[in-house]
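The structure appears right after this line, and notes come after that.
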Amino acid sequence: MSTPPIDDLLARAAGLARPGARPVLGICGAPGAGKTTLAEALVGRLRASGVAVAHVPMDGFHLADAALAERGTLDRKGAIETFDARGYLALLQRLRTDVEHEVLAPDFERTLEQPIAGAITVRPQDRLVVTEGNYLLDEEEPWPAIRAELAECWFVDVPDDVRVERLVQRHVEFGKAPDEARRWVETVDETNARRVVAQREAADLIITS
């Protein structure tokens, strides 16, 4: 499948914006696919063109390490059960419908590897939200309800070897030793990746690289 040029992606995203509404564009993909890079590029260029748009990543709904330790899931951080999916759903519903007030959203601080509450402000004038995450197309509840809140969901697909090396370098950059980083990718991230890629064909658009 050929990937539309960036100008076509920008036009498609801008076309979702509606006066008096705030649709949400989802960008899905396996760990290391480049979801955040694409989302940030889209948001930056849309803003430069005059579109009022906010960027609200799903990663803000990572459970904190203390909550993961309490649940016995700290060793698989990033798996689908390590996110507050219903909290994310509630936020998407509010983002889409509450267009008259500021909406505060959490973000994820990679240097701390922890979510940060209230770090993102979505303004009343924002006419589009771009969100990205691994599990936007998953079939386990409540993810189908999350998908239903999205005007469109795009899937970013890259070769596995590229993704894996990106992930290893990311983990090293944020504090893991190289051998530890590679073990984590092989045992945790790639397990999650297989689950994500299995839903690839459910996307409205597949972006290959």
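The values are calculated or read from the model by the stated rules, or taken from the named source; none is laboratory data. The shown structure was predicted, so the numbers you read here are calculated from the model rather than taken from an experiment. Neighbour counts run over all protein chains shown; Cβ positions are idealised from the backbone, glycine included.
See the values below:
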| quantity | calculated |
| --- | --- |
| Verdict on Ala54 being buried (at least 21 other Cβ atoms within 10 Å of the Cβ), under 28 Å from Asp161 (Cα atoms) and among the small types (Gly, Ala, Ser) | no |
| Selected residue [in contact with a Phe, Trp or Tyr (Cβ under 9 Å, 6 or more places away or on another chain), touching a residue at least 60 places away in the same chain (Cβ under 8 Å) and of a type in the set (D, E, K, R)] from Arg163, Arg110 | Arg110 |
| Counted residues, the range 119-160 - those being free of Cβ contacts under 8 Å to residues at least 60 places away in the same chain and either in contact with a Pro (Cβ under 7 Å, 6 or more places away or on another chain) or part of a loop (DSSP other than H, G, I, E, B) (or both) | 5 |
| Single condition Asp161 does not satisfy, out of (1) in contact with a helix residue (DSSP H, G or I) (Cβ under 8 Å, 6 or more places away or on another chain); (2) at pLDDT below 95; (3) not β-branched (Val, Ile, Thr) | (1) |
| The range 78-98: number of residues that are surrounded by 15 or more Cβ atoms within 10 Å (Cβ to Cβ), part of a loop (DSSP other than H, G, I, E, B) and over 13 Å from the mean Cα position of the chain (by Cα) | 2 |
| Residues satisfying the stated conditions in the range 1-27, i.e. touching a residue at least 24 places away in the same chain (Cβ under 8 Å), under 21 Å from Val158 (Cβ atoms) and not small (Gly, Ala, Ser) | Met1, Thr3, Pro4, Ile6, Leu9, Leu10, Arg12, Leu25, Ile27 |
| Pick from the range 28-51, criterion hydroxyl-bearing (Ser, Thr, Tyr) and in contact (Cβ under 8 Å) with a residue 12 or more places away in the chain, ranking: surrounded by the fewest Cβ atoms within 10 Å (Cβ to Cβ) | Ser49 |
| Among (1) surrounded by 13 or more Cβ atoms within 10 Å (Cβ to Cβ); (2) part of a helix (DSSP H, G or I); (3) of a type outside the set (A, V, I, L, M, F, W, C) - the single one Lys176 does not satisfy | (2) |
| Residue, surrounded by the fewest Cβ atoms within 10 Å (Cβ to Cβ), within the range 183-200, restricted to residues that are out of contact with any Leu (no Cβ under 9 Å at 6 or more places or on another chain) and over 11 Å from Ala30 (Cβ atoms) | Thr187 |
| Out of Thr187, Thr208, sole residue that is within 19 Å of Glu113 (Cα to Cα) and hydroxyl-bearing (Ser, Thr, Tyr) | Thr187 |
| Among the candidates Ala119, Ala148, residue that is farther than 23 Å from Asp189 by Cβ and surrounded by fewer than 13 Cβ atoms within 10 Å (Cβ to Cβ) | Ala148 |
